[in-house]
Structures are given as structure tokens and as C-alpha cells.
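Working notes, structure below.
The values are calculated or read from the model by the stated rules, or taken from the named source; none is laboratory data. Quantities reported herein were computed from a predicted structural model and do not represent experimental measurements. Cβ coordinates were reconstructed from backbone atoms using ideal geometry, including for glycine residues, and neighbour counts include every protein chain displayed.
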Amino acid sequence: MLFEKIEQLCRDNGTNITSLCREITGSTGNLPTWKKDNFRVDAIAEICIKFNVSADYLLGLTDSPMPLNTLSSEDMEALENGRKIKNLPDRDRKIIEAILESKI
């Protein structure tokens, strides 16, 4: 289900799942895992950012893509605070930065 939804998002946006996997993970070695609907949380977050959809949409919890720009002011404040965490892993910091940049 998740794999098919992401594959459809790729088609709708003029790309393919192989290219997306390479972009997100640095290789295509995760494709067999992805085909089993086994995604890392950080990969799901990056896919949501790339296609401007919510994780709820990807996971089939809603039919509405709910673009990320629907975040509440409280959510935005939490992200801003997350940006200030000193020992935040670089990958997590990049995800926060990408979300915040899409709001400007």
C-alpha cells in the first residue's frame, strides 16, 4: 500500500521510484525493502517534504494529501525549537530546515 502510493506520487510528479530511492537513500539498494512497505521514518519524512504531502496521506490514514503548509503555528514553533537542539543529528536538522524553508 505505502509503496504503491509513493510510486503513484512519483509518476504524478514525473519521476520514478528508483530515482526517488537513490535521491533519498543514496542508492537503490533499499528498493526490495521498500517494496515490502518497510521504510525508515526519516525516508518517509523526506518523501513527504519532496511531494508536499502528509505522512497520514502516505500511510493511508486520510485521502487528502494535506500539504505541509497546513502546519499550525504551534507546530511551526515546535520545529523552530527543534532547530535549536545542539546534538540534533544532521539528517534530522536537514528535515527540519526543509520544512521551515517551505514555509517562508
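Which count do you get for residues in segment 55-98 that are in contact with a Leu (Cβ under 6 Å, 6 or more places away or on another chain) and either modelled with pLDDT under 75 or outside any helix (DSSP H, G or I) (or both)?
1
Those residues that are part of a helix (DSSP H, G or I) and closer than 16 Å to Arg91 by Cα, I need them from segment 23-37; list them, please. I'd like the intermediate steps shown before the answer.
Of all residues in segment 23-37, those part of a helix (DSSP H, G or I) come to 23-25, 31-35.
Answer for segment 23-37, where residues must be part of a helix (DSSP H, G or I) and closer than 16 Å to Arg91 by Cα: Glu23, Ile24, Thr25.
Return yes or no: is Leu79 assigned by TED's automatic domain parsing to the domain that holds Glu97, among the aliphatic types (A, V, I, L, M) and either within 15 Å of the chain's Cα centre (by Cα) or surrounded by 15 or more Cβ atoms within 10 Å (Cβ to Cβ) (or both)?
Values: assigned by TED's automatic domain parsing to the domain that holds Glu97: yes; among the aliphatic types (A, V, I, L, M): yes; either within 15 Å of the chain's Cα centre (by Cα) or surrounded by 15 or more Cβ atoms within 10 Å (Cβ to Cβ) (or both): yes.
The answer is yes for Leu79.
Which number in (1) within 16 Å of the chain's Cα centre (by Cα); (2) at pLDDT below 85 marks the one condition that Phe51 misses?
Result: Phe51 fails condition (2) only.
Could you list, in sequence order, the residues of segment 22-33 that are within 13 Å of Lys50 (Cα to Cα) and either in contact (Cβ under 8 Å) with a residue 40 or more places away in the chain or surrounded by 14 or more Cβ atoms within 10 Å (Cβ to Cβ) (or both)?
Within segment 22-33, the subset within 13 Å of Lys50 (Cα to Cα) is 23-24.
Answer for segment 22-33, where residues must be within 13 Å of Lys50 (Cα to Cα) and either in contact (Cβ under 8 Å) with a residue 40 or more places away in the chain or surrounded by 14 or more Cβ atoms within 10 Å (Cβ to Cβ) (or both): just Ile24.
For Ser19, are the conditions met, namely being surrounded by fewer than 17 Cβ atoms within 10 Å (Cβ to Cβ), at pLDDT below 90 and either more than 16 Å from the chain's Cα centre (by Cα) or farther than 20 Å from Asp92 by Cα (or both)? Explain how you work it out, then say what you get.
Values: surrounded by fewer than 17 Cβ atoms within 10 Å (Cβ to Cβ): yes; at pLDDT below 90: no; either more than 16 Å from the chain's Cα centre (by Cα) or farther than 20 Å from Asp92 by Cα (or both): yes.
Against the criterion (surrounded by fewer than 17 Cβ atoms within 10 Å (Cβ to Cβ), at pLDDT below 90 and either more than 16 Å from the chain's Cα centre (by Cα) or farther than 20 Å from Asp92 by Cα (or both)), Ser19 does not qualify.
Would segment 38-53 turn up any residue that is in a helix (DSSP H, G or I) and over 20 Å from Arg93 (Cα atoms)? Before the answer, list the steps.
First, pick out the residues of segment 38-53 that are in a helix (DSSP H, G or I): 41-51.
With the extra rule that they be over 20 Å from Arg93 (Cα atoms), the set shrinks to none.
No: segment 38-53 contains no residue that is in a helix (DSSP H, G or I) and over 20 Å from Arg93 (Cα atoms).
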